[in-house]
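See structure below.
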Amino acid sequence: MRILTFIVLGLVLFSGCKKDSSNTPGKVSLVAPAKNSECTPVQSDGDNSSIVRFNWNAAD
């Protein structure tokens, strides 16, 4: 009886852990800054830090 309980428990755990591939999002596409272009800072705080704004299209 004890072995049967472990087998059933193992099967329940194994079946609950499989991956669902339908929940994977699509790729996002970067809009700005363009590929291989200079990142122009929106706001600069001296020589130590800058804020660069990135824009992208949403995934499917």
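Tell me, what % of the accessible area of the chain is carbon and sulfur with a 1.4 angstrom probe?
Values: 3500 of 6030 Å².
Carbon plus sulfur share of accessible area: 58 percent.
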- Task: Give the angle, between 0 and 90 degrees and rounded to the nearest 10, that separates the Cα long axis of helix 2-16 from the longest principal axis of the Cα atoms of the chain.
- Result: 30
- Globularity ratio of the chain, using Cα Rg and 2.2 N^0.38 Å: 2.35
- Helix-only [θ] at 222 nm, the chain, -39500 (n - 2.57) per DSSP H run of 4+, per residue, nearest 500, equals -8000 deg cm²/dmol
- Relative contact order %, the chain, counting alpha carbon pairs below 8 Å whose residues are six or more apart: 35
- Query: Picking from Val31, Ala59, Leu4, whose Cα lies most toward the positive end of the charge dipole for the chain (charges on Cβ: Lys, Arg +1; Asp, Glu -1)?
  - Reply: Leu4
- Assuming R0 = 30 Å, can you tell me the calculated FRET efficiency for the pair Asp60 and Leu4, based on Cβ-Cβ distance, to the nearest 0.05? 0.10
- At a 1.4 Å probe radius, which order do Phe54, Phe6 fall into by accessible area, largest first? Phe6, Phe54
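The values are calculated or read from the model by the stated rules, or taken from the named source; none is laboratory data. Predicted, not measured: the structure shown is a model, and the values here were computed from it. Using ideal geometry, Cβ is built from the backbone for each residue, glycine included, and neighbour counts are taken over all protein chains shown. Note: accessible area is taken over every heavy atom of the protein model, side chains too, but ligands, DNA and RNA are not part of it. Shrake-Rupley method; radii C 1.70, N 1.55, O 1.52, S 1.80 Å.
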